Every structure is written in C-alpha cells, then in structure tokens.
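Asks: Before anything else, here's the structure in question.
The values are calculated or read from the model by the stated rules, or taken from the named source; none is laboratory data. Since we're looking at a predicted model, the values are computed, not measured. For neighbour counting, all protein chains shown are included, and Cβ atoms are generated from backbone atoms with ideal geometry for every residue, glycine included. Just the protein is used for accessible areas: all its heavy atoms, side chains included, with ligands, DNA and RNA removed. Shrake-Rupley method; radii C 1.70, N 1.55, O 1.52, S 1.80 Å.
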Amino acid sequence: MNGKWVVCNVANGARSTQASCFVYLRPALGMAKSKSVTREEGKWAKYLLPIALVVLSLVTVSSLADPATLPRTLIWTAVALFWMIWRGVKAWKMDDFQLPRYPKWITVSIGLLVIGHLVSLFVAHSLAEGILATSRMGVMLGSMYMLSWQLQEDGSEGKQNWIFAIWALGSIQALFAVGHFVMNFGGPASLPAGTQLNSNLMGVVMVLALPAAAYLALQVSAKPITKSLKLVAGMTLPMLIGGVYLSASRTSLLIILMYTVLTVALCFSFLRKNEWLRKNRAIFISIVVLAVVGSTLLMMKGSQRKETPLKFEYLLDDEALIIPKTNSIGVRFALWNRSVQMAKRQPFTGVGAGNWKLEIPSYGIKGFDEKVRYGMHFFLRPHNDYLWIFSETGILGLLGYLGLLGGLFVYAARQILRAKTMAEVGIVIVALFGLSAYMVDAFFAFPGERVENTVLLAVFGALILNADLKSRDKVAKGAGQKGLLLLVLIPFVAQFGLSLYKFPKDAANLRLRAAKAQKDWKEVGLQAGLADSWWTRYETHSATPFAWYAAVSNVEQARGLGGPGNAAFDQMMEKALAKTKLALEYSPHSLMALTELGSTYAQMNRFPEAVTAYEALLKTFPDNNEAWINLAICQYNLKDFDAAKAAISKVQAGFESSNLEALQNALK
C-alpha cells in the first residue's frame, strides 16, 4: 500500500515530543481514517480567510461598496462557510476532535448577548428585520470562534497572516484615499472646503491598520520579518496617516490620541525589563510625536466646523429640544437622546433587534433638517453601537456586548503585563490597539453594521484569546463538541442564505432609486414589486416600505387618467390607497406613508378621511409645516374655515410656500 509519513505539530504548542508531534500513515488512495488534519494538506487554508478579508477591502473601494448592497457579507459568509465545512468534515472524523473553549467571562457575555437578541425578537414589530440583525451579530461571534479555531490549528504562522491581512486592508483603502485626492484635486491647496471621504466606511479602517503597519515596520515580533517587508510597511505608515487626515474623521482623532496613551503606557511597562526597548526608545518617542502631530492636524481641521452648544443632560432629558442644524455632533446627540428614550421605555427587551429604524420616527423629528422633517431622509441607526444594542435588545444585550469587549481588553492587558519582552506579545499589542480603536469607533459610528469591521473585531478577539495560554489549554473533546460545531455554523448558513436571497432584491432597490430620480413611475412600481418580500420590506436608505413606492407609482400614473369619477383614475387610486395602508402596516410611524395616506384621500376628494389622516400624522410630527398646510386645505374644502385658519397658525414663521400664500389670501 502506497503512503507517506507526515510529522505535524498539534495546535497547543510543543509541550513534549510525544504530545506535540505524531506520525501516521497516509495512504495515497485515502483508504485509512485520518486522526488529524496535516499542515501540508491544508496549507492553503491558512491563507483563505485572510485573503477574503483583503478582498472585502477591494470590494469596498469598488462600485459594489454601496452600503445598501450585500456583496461583502455574501463574500465573507461564503468563504467562511467553505472553510468551516472543509475543516469541519475532516475534524468530524477525528477521534480527538477539539474546539477552543473560551474563558468563563467571555462565554457568559456571549450568552447574554445572544439571549438579549433572541428575547427581543418576541417584541419586534418586524420579525424579519430582527432575524437579519440577530444573524449579523451571530456572524461576528461565529467568526471570532472560527478564527480562534483556525489559530489553534495554524499557530504563529496563522497569526502573522492576519497581521499581513489587516495591514493590506488598511493600505488598500489608504492608497485609494490618497489616489482619489491627488487625481481629483491635484494637491492639498486645491482641496475644496467641505470635501471629505466617507470616514465611517474608510477612515476608521485605515486607523485600525496603523498598529499592524507599525508592527511590521518595527519588527516587534519573535519571528523575523524580511527587510524589504519592513521597508514597505514603513512606507505605508505616512500613507495611512495621510488617508486618515483626508477622511476628516474626528473619531479617528480620538483613536490616534488613544494610541498615543497606550503607546506611552507600553513604554513605561516594558522600559525597565527590556534592554532592547531602552536602546530603541527613540522609535517609540517618534511614534508618540507622530500621533500628537496627526491628532493636532485633525483637530485643526475639525475646529473649522460650526458646532451647536450641547450639554450631557440632553441625553437623558426626554423633553430636551436639540437643534443639530447640519453638524454631525448635534445630530448624534439628537439620535442618542431618542435612543435613550427608547431604552427607558423598554429596558428589558428593547424594541427588537433591527427595529430601531422603524421605531425612531415615533420619538419626534424636532430640530432635524428639512430632508428629515419632510420624510426625504431619515436615520437608520443612532451612530452609537452601545445605545443601538441597548435600545434594540435591552439590558441583557448591552451587558453582553460590554462584557465581551471589556473582557477581551482585560485579557489582552493581562497578557501584556505578564510578558517579559514586547516580542512575546507583539501580536497581542496589535490586537489590543485594534480592539480599543473599535470600541471608540462604536461610540460614534456603527462598525457593527459593516462586515469588514465586524470581521476585524473577530480577528482581534481571536488573536487575544488564542494568545492566552490558559484558554488555549482548555480544549473540549468528544462527540458532544460536534454539536457545538453545528451551532456555530447556524449564523453563517442563515446569513449566507439571506444575503444570497437579498442580493437581487437589493439590486432592484438600487434600480428603484434610479427610476425615482428619473421620475419613471411605471419602472418605480415594477422595481418596488421586485424588491418587496417578507425579508425585504424596507428601502435600505430610508427604511421606507416598498409598498409606499408602489403607492406613489400608482398615484403618479393616475394623474394622466383624468380625475375623481373617471373609472380608470378611481381604480388606480384605490390601488394606491391599498398600498399606502399596507406600508403603514409595515411601518406605523413612517412619515412618508402617513403623508401619502392624507394626500391620496385628498386627491380622491375624500376630505374627511384626509383630515383624519393628517391629524394622525401631526400628533407624531407636529413641526411638519407641509402637513399643517395640507390639513388646512382639506378643512377649507370642507368649508371649515375656522379650523383651516387654526391649522395655518401652526405653520412656523418664515416658512415659504405657494400653497400657504394662496390659502391665506383665500381665507381673508
């Protein structure tokens, strides 16, 4: 029988020759049952997941990077599923089947986070949105567990591969940012005021890659890195800093300041017990200086914006009137205020995972700009992942999320403080910096919604947990762990299936937006029908039900069919009315749907119903000037002139409208 002998180290490191190495006969025809997966036969698997992360970066800077589409999630879940099934099938045949076991604190935190999401599904207005949000969180947790398993199998080489991937991820986006700046504006002097890249999408990713680039450039590693790679990594450092500067992100400013503090803390931690560090302290002083300079530049750039004076009490005061105007800080305070109100109303269950965007309109839109006040745009998330999770999944979800991030931070810090040299924990330091950056970003943005950011969080968590010797030694064996493997697969299978199903729906969503911009109303109705399903009820940019778009399509097509009394017109308007009511069933607080209901009744000359519809709208949106004017017009047509005058008096001073002027003249 043909075969060859293969020597392979087990994942937990060399404890003894007998425990760390084994030899077995591998028949060429695969007739005998394998006891483990050899590194030789699975060498390519070490690079599959890191390469997938880099591909996500390429997709992000391409035309597919629109947040409304799901190719990035589809790419990651497809690759992750392939890897887990391939590795899982082989592991299933092992007699010594092993999966990593997390420390108790991390396990409890994950349990609370999962329970919080599952409980919230029972109160969610849209169960489909709740399942989508829960599966998205499951992919993050599953990715962390999968990567812990991969690092357990692949050892130090696998860790290095992830450092390369993180570095490449940020470098690609920095190259795009700097290249976009040079090609479009010709140089710093010609950068137009207010021009900036999408800091949420790119700026923070570049900041997350800075520690990996510094790691490679400084060779803070027990494993040697080639001089050419060190040189290239060093050259990318200024490019990454430049990309961060161009992103004009004040979140990035805070992260860089935090990096400075952590770097100083590390220097003091290792200065006395590390000869190499004492000799090369100039390197770390240079890093601190660069961080301070970069932070100052960002601060100078950000200080040019006009801000609204805000107080911390505004977050907790239900009656506070926050007027954010156009600046991002004010908008965030307004959104956080609404999120706190939402969490106070349902502190234990939340409003349901994925349902924040459906509930937020009911908390009022005072102070927002015209696009929000008239329903052309609304917010889909509070720009704070902590409040997002708290308001949607209640106290259990928040405790689980804080426990997970805080637990990872403590485990990383503990490993660093115990180490004698920085080389022993170089990768853990990179992971700690990345985790800290994610925690800061989560306070001002929504990294949990973007798959590349959640994958980075999973990588940082896996690197930290895998480096903990105690958690590495605690491995679970036996057939019972096969059930755990199947459990980890569930969110990947769910998210992959949903992403695959939603991909053509999201494509129809984009075509719908294009048709609406071109006022091709028949195409709008067609694409709304294609995009609408139980899983995809809402337009991804505004959370407006697709049924509303179908209703608008019917109304616009009815305009060419005469008026009330014409059979074709009446039939088309009845369809619009049915679609509008369906939209309100899906989203009871939708300003667009409430407005359309009153407008449709009015165009059908059903003024009593139109008055009722507008009055219902104004209970939630009392500062909507157009609604007051439309209500007054309906009351005028009903000969209720006193009520019409009362409605007009509610219109804010200075608001200009041709309908308002004509109505005021008619009521004189």
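Asks: Please find, among Leu417, Leu387, the residue that is under 24 Å from Gly330 (Cβ atoms), part of a helix (DSSP H, G or I) and open to solvent by 10 Å² or more (accessible area, probe 1.4 Å).
Replies: Selected residue: Leu387, the only one of Leu417, Leu387 that is under 24 Å from Gly330 (Cβ atoms), part of a helix (DSSP H, G or I) and open to solvent by 10 Å² or more (accessible area, probe 1.4 Å).
Asks: Considering only the range 475-484, I want to know if a residue exists there that is crowded, with 17+ Cβ neighbours inside 10 Å, out of contact with any strand residue (DSSP E or B) (no Cβ under 6 Å at 6 or more places or on another chain) and either modelled with pLDDT of 90 or more or under 30 Å from Val89 (Cβ atoms) (or both).
Replies: No, the range 475-484 contains no residue that is crowded, with 17+ Cβ neighbours inside 10 Å, out of contact with any strand residue (DSSP E or B) (no Cβ under 6 Å at 6 or more places or on another chain) and either modelled with pLDDT of 90 or more or under 30 Å from Val89 (Cβ atoms) (or both).
Asks: For the condition open to solvent by 20 Å² or more (accessible area, probe 1.4 Å), aliphatic (A, V, I, L, M) and under 25 Å from Leu487 (Cα atoms), what is the one hit in Met137, Met144?
Replies: On inspection, the qualifying residue turns out to be Met137.
Asks: Looking only at the range 612-624, how many residues end up being part of a loop (DSSP other than H, G, I, E, B) and either surrounded by fewer than 20 Cβ atoms within 10 Å (Cβ to Cβ) or out of contact with any Gly (no Cβ under 9 Å at 6 or more places or on another chain) (or both)?
Replies: 2
Asks: Filter the range 515-535 down to residues that are among the aliphatic types (A, V, I, L, M) and modelled with pLDDT of 90 or more and give me whichever is nearest to the chain's Cα centre (by Cα).
Replies: Among those residues, the one meeting the criterion is Ala531.
Asks: Can you report the number of residues in the range 212-235 which are over 21 Å from Gly158 (Cβ atoms) and either at pLDDT below 70 or open to solvent by 60 Å² or more (accessible area, probe 1.4 Å) (or both)?
Replies: The number of residues fulfilling the criteria is 5.
Asks: Quick one: Val89 ticks every box in (1) of a type in the set (A, V, I, L, M); (2) free of Cβ contacts under 8 Å to residues at least 60 places away in the same chain; (3) buried (at least 23 other Cβ atoms within 10 Å of the Cβ) bar one, so which box is it?
Replies: Going through the list (1) of a type in the set (A, V, I, L, M); (2) free of Cβ contacts under 8 Å to residues at least 60 places away in the same chain; (3) buried (at least 23 other Cβ atoms within 10 Å of the Cβ), Val89 breaks only (3).
Asks: Right, another one. Could you say whether any residue in the range 625-637 is surrounded by fewer than 16 Cβ atoms within 10 Å (Cβ to Cβ) and not in a helix (DSSP H, G or I)?
Replies: For the range 625-637, residues surrounded by fewer than 16 Cβ atoms within 10 Å (Cβ to Cβ) and not in a helix (DSSP H, G or I): absent.
Asks: Considering (1) without any contact (Cβ under 8 Å) to a residue 12 or more places away in the chain; (2) under 30 Å from Trp83 (Cα atoms); (3) not small (Gly, Ala, Ser), say which one Phe496 fails and leave the rest.
Replies: (1)
Asks: Also: Of the numbered conditions (1) modelled with pLDDT of 90 or more; (2) part of a helix (DSSP H, G or I); (3) buried (at least 16 other Cβ atoms within 10 Å of the Cβ), Trp83 satisfies every one except a single condition; which is it?
Replies: (1)
Asks: Right, something else. Given the options Leu399, Leu404, name the one that is more than 12 Å from Leu266 (Cα to Cα), touching a Leu at 6+ places or on another chain (Cβ under 7 Å), assigned to a helix (DSSP H, G or I) and open to solvent by 50 Å² or more (accessible area, probe 1.4 Å).
Replies: Every option except Leu399 fails the conditions.
Asks: Six or more apart or on different chains, Cβ under 6 Å: which pairs go from a residue in the range 570-581 that's closer than 13 Å to Glu596 by Cβ to one that's not in a helix (DSSP H, G or I)? Could you list them?
Replies: Between residues of the range 570-581 that are closer than 13 Å to Glu596 by Cβ and residues that are not in a helix (DSSP H, G or I), the close pairs are Met573/Met604.
Asks: Ok, one more. I'd like the full set of residues that are under 19 Å from the mean Cα position of the chain (by Cα) and closer than 12 Å to Lys502 by Cβ, limited to the range 536-548.
Replies: Correct list: Thr536, Tyr538, Thr540.
Asks: Answer with yes or no whether Val493 is among the β-branched types (Val, Ile, Thr) and out of contact with any helix residue (DSSP H, G or I) (no Cβ under 6 Å at 6 or more places or on another chain).
Replies: Yes, satisfied.
Asks: Among the listed residues Ser599, Ser657, Ser587, identify the single one that is more than 25 Å from Ser553 (Cβ to Cβ) and under 41 Å from the mean Cα position of the chain (by Cα).
Replies: On inspection, the qualifying residue turns out to be Ser657.
Asks: Would you check if Asp640 is in contact with a Lys or Arg (Cβ under 6 Å, 6 or more places away or on another chain) and either within 24 Å of Arg338 (Cβ to Cβ) or buried (at least 16 other Cβ atoms within 10 Å of the Cβ) (or both)?
Replies: Answer is no for this residue.
Asks: Determine which single condition Phe122 fails, assuming it passes every other condition in (1) open to solvent by 60 Å² or more (accessible area, probe 1.4 Å); (2) part of a helix (DSSP H, G or I).
Replies: (2)
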